[in-house]
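Asks: Take this structure, written in structure tokens, and hold onto it; I'll ask about it next.
We did not get these values from a lab; they are worked out from the coordinates using the rules stated. Computed from a predicted model, the values in this text were never measured in an experiment. Positions of Cβ are generated from backbone atoms using ideal geometry, with glycine treated the same way; all protein chains shown enter the neighbour counts.
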Number of protein chains: 4
Amino acid sequence: MSSEFGHLLRVGVFGQSHGKAIGVTIHGLPAGEAVDLEELGRFLDRRRPGGRGGLTTARKETDVPEFLSGLENGVTCGFPLCAVIQNSDQHSKDYSELADKPRPSHADYTAALKWGGYADMRGGGHFSGRLTAPLCVAGGIAKQILARKGVYVGAHLASVGEEEDERFPLHPTRELLESVGEKDFPVLNDEAGRRMQDLILKTRSELDSVGGTIECGAIGLPAGLGEPMFDGMENRLAAALFGIPGLKGVEFGSGFAGSRLRGSENNDAFAMEEGWVTALSNWAGGILGGITDGMPLIFRVAMKPTPSIAKAQKTVSLSQRADAELTIHGRHDPCIAQRAVPVVEAVAALVLLDTMLEGNHGTF
Amino acid sequence: MSSEFGHLLRVGVFGQSHGKAIGVTIHGLPAGEAVDLEELGRFLDRRRPGGRGGLTTARKETDVPEFLSGLENGVTCGFPLCAVIQNSDQHSKDYSELADKPRPSHADYTAALKWGGYADMRGGGHFSGRLTAPLCVAGGIAKQILARKGVYVGAHLASVGEEEDERFPLHPTRELLESVGEKDFPVLNDEAGRRMQDLILKTRSELDSVGGTIECGAIGLPAGLGEPMFDGMENRLAAALFGIPGLKGVEFGSGFAGSRLRGSENNDAFAMEEGWVTALSNWAGGILGGITDGMPLIFRVAMKPTPSIAKAQKTVSLSQRADAELTIHGRHDPCIAQRAVPVVEAVAALVLLDTMLEGNHGTF
Amino acid sequence: MSSEFGHLLRVGVFGQSHGKAIGVTIHGLPAGEAVDLEELGRFLDRRRPGGRGGLTTARKETDVPEFLSGLENGVTCGFPLCAVIQNSDQHSKDYSELADKPRPSHADYTAALKWGGYADMRGGGHFSGRLTAPLCVAGGIAKQILARKGVYVGAHLASVGEEEDERFPLHPTRELLESVGEKDFPVLNDEAGRRMQDLILKTRSELDSVGGTIECGAIGLPAGLGEPMFDGMENRLAAALFGIPGLKGVEFGSGFAGSRLRGSENNDAFAMEEGWVTALSNWAGGILGGITDGMPLIFRVAMKPTPSIAKAQKTVSLSQRADAELTIHGRHDPCIAQRAVPVVEAVAALVLLDTMLEGNHGTF
Amino acid sequence: MSSEFGHLLRVGVFGQSHGKAIGVTIHGLPAGEAVDLEELGRFLDRRRPGGRGGLTTARKETDVPEFLSGLENGVTCGFPLCAVIQNSDQHSKDYSELADKPRPSHADYTAALKWGGYADMRGGGHFSGRLTAPLCVAGGIAKQILARKGVYVGAHLASVGEEEDERFPLHPTRELLESVGEKDFPVLNDEAGRRMQDLILKTRSELDSVGGTIECGAIGLPAGLGEPMFDGMENRLAAALFGIPGLKGVEFGSGFAGSRLRGSENNDAFAMEEGWVTALSNWAGGILGGITDGMPLIFRVAMKPTPSIAKAQKTVSLSQRADAELTIHGRHDPCIAQRAVPVVEAVAALVLLDTMLEGNHGTF
């Protein structure tokens, strides 16, 4: 197994950063689902580099997917979908030194251990953040399908370094979820956003990078989705989310902060509201026992600082079996968390769609 | 799918808290592995309730597994293993009220949504922490097999509320990993442990509960284990760990703290040490690109405060469609994190064994 | 992976013939399904040995399943079901010689190759036909659930040696499917059945055994079940059916006979009948492109002759690395095909239930 | 789930007959495996239509795969492989009538039931035999890898209608397995082959088609591969083989013929030969208890007659809910069995490679 996830909806990513093309296959996509390619393009633009004032890498990606199968006349046709993005803007010479000197905190070293010299690690190979583009193609389609079912997924940059955005309110609206990610800088509080941007620029000027966190929410999910104990929503979401390069932590609801609380603080009291059961807080993140409870599904992920920094770093020469120094050239994002926001949405949407296709077969 | 996990090693948990028995099946366990039943018993004792001075529930569990298959004369025989623990000390009357009034932050409500009135939720049903006993039976066996391969797994209570233990050193020894969990109170720093115990007792006296975190480490793992992007070590460990009741967050290496750092702080420089490549820090937690890098594998999990607290809580009456108050009687742990320490080890050991059985098939 | 199958409904078999117990787990069973234990008992009796006039082995099996979980007050409770059958009537001494001299066409030799001396192969170990008892427990439950949905599964002995029963008619009725398997000798044509029985008795008197085929049908299935190309009904049924010990062939509809026909003979013409599309023949066995077409699902399986025969046979002594002769003592069925009839129904019912739980998610 | 199979090696097929392209992804392929593209091309040519004297359809397929990922400089690089074959020679107008009048014994009708009008069924859509081309790309690579490990897979046309080829000898040689499939007409006995060809031409002249069977063998497999009960070699091979369009039966070793035999005839006696255990016959087809026994692996599959025949056929008009007549135009193979020979090899090679990657983890 490898670069695939999902049960009834199987999503597989292929390609290397500097290979001929990257792409995605989706098996199990329902038929008759219109895909708005303009909307999909806007979604893909959200993770596109080349952006504003040095916040992201200057590398140009066009990222226009070509659909080889599964989509006819803009509508899914029930058969496996394959979308391909050609690679073009490649500077493989930038990476020649790295075959011998693994970049700290990249997969260069583990790739060498696992596949010997055979792994095509130019530009990060299959581990490159570029591979999140096809993931967003798949996730963007899933988002459109979910929206037609009244399920809305949205994420925002919750922190950069020590700078924090607000948290989602108890009941994020559809408009909030749909709009925050589409901002030039995807935060709830723009003032906090300015501080984050300043920090990113400062970090870049120091030839360094910085990490961040992303908060994602989903509303409109049917209650009762997810299976105990190892096929719950948390298990399935986490299993897929950790496929995002640089993602090192996942927490649901109050998560790690909840571990510092008392039960009386962290419990979500139930109440009747206009004849419906609701909860007065949502520290559970919409999931109890792995099963959706009808409250908004809320989780956060931790993105590590971009390991590629312009500062000189200590490494080793594998050929000479000796300590070495490495300076990474080329163009790199000083903060990958920012561009990972739509990727988190994409992965979440795919997992949620998969779970919804499976349905609540608690009774038959 | 449901209460199972694993690829080549498939672990499945069955049973309800107040049903006839609980148990575990393991498919794919290699043959010829001796199981030291005394050592297994000591491991199971670590999650056993009934402990010291009110720190854990007074409910008695004997938890002696009976092996129905797969283990002959104390040695695995290659065929599926089934171990059963009879249920005996049940007070189902304690739970009669709860069918109508779901306990906040328990799975009562989602179980009602999913399975209607059919779910056997006495004592928490299949969601009960009691189900971690068979998980520990399986994990205890995995730990013994791993140890024979030079792989050692150990965990400690890293925090209770705001009280924090030390972190594992850069290179935890086998002895450290094996001994910390076996302490009466599984912490590295006993002084910190006393503060944690005081906090647990205080919380209990306030009819409340408190959350905590657990840090787990594994050494001796071969490098090169794990597949990109969605079958990496992080994906597989997280997918299984979120099956532990009350677990709401998983982070590897520096995790969420790493998201606050600069790349120059969070990157792990490589260095040659006696002819071997090593890293001078381990913020990656021993995993790069989802693949083990030969450094200790380190992760932390967040456990929520026990949702069962003795304080009165707001809930609803499902039958009357009205707000209601609930006071939970019975015996409950004021802090489940403490008892979850061996459970985290168990799940980690099972995932690691599964991955090792799969091996590094990077080349063939 | 190993002794498990299924997607949303996962069925796992455990146990060795002469171990403490055998059993089955089912994950993903819907809640609220009543299980008629008397009906289940009658179903289990159909594969029970000890029967009529030497047709089956005299070994006594009581095969009364004990439900450890998942079934409360006779109704499924949504959680994993575990049913256990204790082993009792064991004559392990009968098998002492076999550890050294593998029985021809048994799994003794391959078990020795795979698990060394560790495999518990007493009585055939996990490969014994006895393991079909828990499979029938699971399948008997599935049959009851399916029947409530209007889906009926039934099988008959289609041939023993050269003696052949009739084939199912184009549209087998519910009554036919339910009644044929319950006959003392499960055939459509009792005259053919008598010839088969004579052949079995003759074979036994010659210290030999004989093979047979089983035809299985299912009616009432929704159309549109099954996924292309590798998750179709044929793929899923075959994958599970080959788990039945001694089963060496599976064919759907006209199967191997169809390979001898012309297209004009083997094609199933469509026709309108009272406003519904139907087919005038069913050489496809109710499956086109892996997907159910609304016609009865029909398949046949080939069961090899019981490998345990009373005649002396050539084998080898593994310890002496020399040719050897072996005479198998003990009690064995001269024709396992007869007892496999309910087992085929059981496996088919489980696969069909799994597929129905998955549903037709062609559109969403 | 859907058009994918495999455990550690996951093979997924995508594309529609008249869509933009068809292709295959392989996840889990080991790195460092050279792919001889000329040899692969010769293998692909074996299933290519356009052949000799009316035996196969005149439709031209070039079937030159383009490798988008996973293969760099002719060597696998450890990352997911994606190969694409562009579609070009399409006559979609030929199929306009068929949307309303489902072709008997095609998937037209079940596709309409499952995906409504959304399925892109031009040219048979995803169910077209054309989809076996990418399967052969994957299988051809697997065959090359296996050959380097000393495992050889080969198949021949075992029968067409009533005309039968010889069977493989007890110990097929590497040369036999490699050469028979490469013949213009892939049979062991060329005289039988001429009779088969005459039959195919005669059938075609009668505007009809005819079915056939294929026998496949593999030598050099390690003993001990395969897991009980539902992950054995038979389960895994059958699950994948039924993905081949038109395949309706699978039997191992003596299969259905074995069901007519006595145990004394069908049992494979063991014997010592130059210090090694061997069997004097191979009615088991190299598999006992689902596990390879070191003898050649032998199985046969049944291919139905091409459902597309030039004769007028009865069907229905879905729009008019009335009986209708249909005459299928276009170019079709009078016997698909002939072209399926390399496809069977391809699927078998992929399953065997998957199983070999998994290895024999009977002991650890």
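Asks: Tell me, how many Å apart are the Cα centres for segment A:1-37 and for segment A:325-359?
Replies: If we compute the Cα centre of each part, the gap is 14 Å.
Asks: Still on this structure, I have one more. Using only atoms on other chains, find how many Cβ atoms lie within 10 Å of each Cβ of peptide B:123-130 and report the average.
Replies: Taking all residues of B:123-130 together, the mean is 3.
Asks: Kyte-Doolittle mean at least -0.5 and Cα extent at least 30 Å along the axis: which DSSP H helices of chain D qualify? Provide the component values of the computation, followed by the final result.
Replies: Details: long enough: D:336-358 (33 Å, 1.34).
What comes out of the filter, once short or polar helices are dropped, is D:336-358.
Asks: Also: Which of these, D:Ala83, D:Ala349, D:Ala257, has the largest mean-square fluctuation under a Gaussian network model of chain D (Cα springs below 10 Å)?
Replies: Result: D:Ala257 has the largest fluctuation of those listed.
Asks: Mean residue ellipticity at 222 nm from the helices of chain A, using -39,500 (n - 2.57) per DSSP H segment of n ≥ 4 over the full residue count, to the nearest 500 deg cm²/dmol? Don't skip to the answer; put the middle values down first.
Replies: Details: 9 runs with 99 residues, N = 364.
That comes out to -8000 deg cm²/dmol.
Asks: Treating only the Cβ of Lys, Arg, Asp and Glu as charged (+1, +1, -1, -1), what charge dipole size does segment D:162-241 show about its Cα centre? Round to the nearest 20 debye.
Replies: Details: 8 positive and 18 negative charges, 27 e Å.
For this selection, approximately 120 debye.
Asks: Which one of D:Leu113, D:Trp276, D:Leu71 is farthest out on the positive end of the charge dipole of chain D, using unit charges on Cβ (Lys, Arg +1; Asp, Glu -1) and the Cα centre as origin?
Replies: D:Leu113
Asks: In percent, how large is the relative contact order of segment A:109-267, given Cα pairs closer than 8 Å and 6 or more residues apart?
Replies: Values: 137 pairs, mean separation 35.9, N = 159.
Contact order relative to length: 23 percent.
Asks: In whole percent, what relative contact order does segment D:239-330 give with Cα contacts below 8 Å and a gap of six or more residues?
Replies: Working: 118 pairs, mean separation 23.2, N = 92.
So the answer I get is 25 percent.
Asks: Still on this model: Relative contact order of chain C, please, whole-number percent, based on alpha carbon pairs below 8 angstrom and at least 6 residues apart.
Replies: Numbers: 749 pairs, mean separation 78.6, N = 364.
Computed value for chain C: 22 percent relative contact order.
Asks: Next question. Counting Lys and Arg as +1 and Asp and Glu as -1, each charge on the Cβ, what is the dipole of chain B about the Cα centre in debye, to the nearest 20? Could the numbers behind the result be given before it?
Replies: Working: 36 positive and 46 negative charges, 238 e Å.
Using only the charged Cβ atoms, the result is roughly 1140 debye.
Asks: While we're looking at this one, here's another question. Run through the other copies and list how far each one's label point is from that of C:Glu178, in nm with one decimal, shortest first; the point sits 7 Å from Cα along Cα-Cβ.
Replies: Here C:Glu178 shows inter-copy label distances of 5.2, 6.1, 6.3 nm.
Asks: Compare C:Gly32, C:Gly123, C:Gly212 in a GNM of chain C, Cα atoms joined below 10 Å, and give the one with the largest fluctuation.
Replies: C:Gly32
Asks: Here is a further query. Would you mind giving the mean number of other chain beta-carbons within 10 Å of the Cβ of each residue in B:274-286, as a whole number? It would help to have the intermediate numbers written out before the result.
Replies: Numbers: counts 0, 1, 2, 8, 1, 6, 2, 2, 0, 5, 8, 1, 1.
Average neighbour count from other chains, rounded to a whole number: 3.
Asks: Additional query: Considering only C:Phe5, C:Ala257, C:Leu221, whose Cα is most displaced toward the positive end of the charge dipole of chain C, charges sitting on Cβ of Lys, Arg (+1) and Asp, Glu (-1)?
Replies: Final value for the positive-end residue is C:Phe5.
Asks: Turning to a different aspect of this structure: Whole angstrom only: what separates the Cα centroid of segment D:259-309 from the Cα centroid of segment D:128-150?
Replies: 24
Asks: On to the next question. Note the distances from B:Arg331 to each other copy's matching label point, with points 7 Å along the Cα-to-beta-carbon direction, in nm, sorted shortest first.
Replies: Computed spacing set for this position: 4.8, 6.6, 8.1 nm.
Asks: Let's see if you can work this out: charge +1 on each Lys and Arg Cβ, -1 on each Asp and Glu Cβ, no other charges. What is the dipole magnitude of segment A:205-334 about its Cα centre, in debye to the nearest 20? Display every interim value, and only then the final one.
Replies: Numbers: 10 positive and 15 negative charges, 131 e Å.
That gives a dipole near 620 debye.
Asks: Anyone know which of B:Asp190, B:Asp231, B:Asp323 comes out most mobile in the 10 Å Cα GNM of chain B?
Replies: Answer for the Gaussian network model of chain B: B:Asp323.
Asks: Turning to a different aspect of this structure: Place +1 on the Cβ of every Lys and Arg and -1 on the Cβ of every Asp and Glu in segment C:119-213, take the dipole about the Cα centre, and give the residue among C:Pro186, C:Gly140, C:Ser205 whose Cα lies farthest towards its positive end.
Replies: Of the options given, the answer is C:Gly140.
Asks: Every other copy gets compared here: list the nm distances from the C:Ser319 label point (7 Å along Cα to Cβ) to its counterparts, shortest first, one decimal.
Replies: Sorted ascending, the copy-to-copy spacings read 5.9, 6.9, 7.9 nm.
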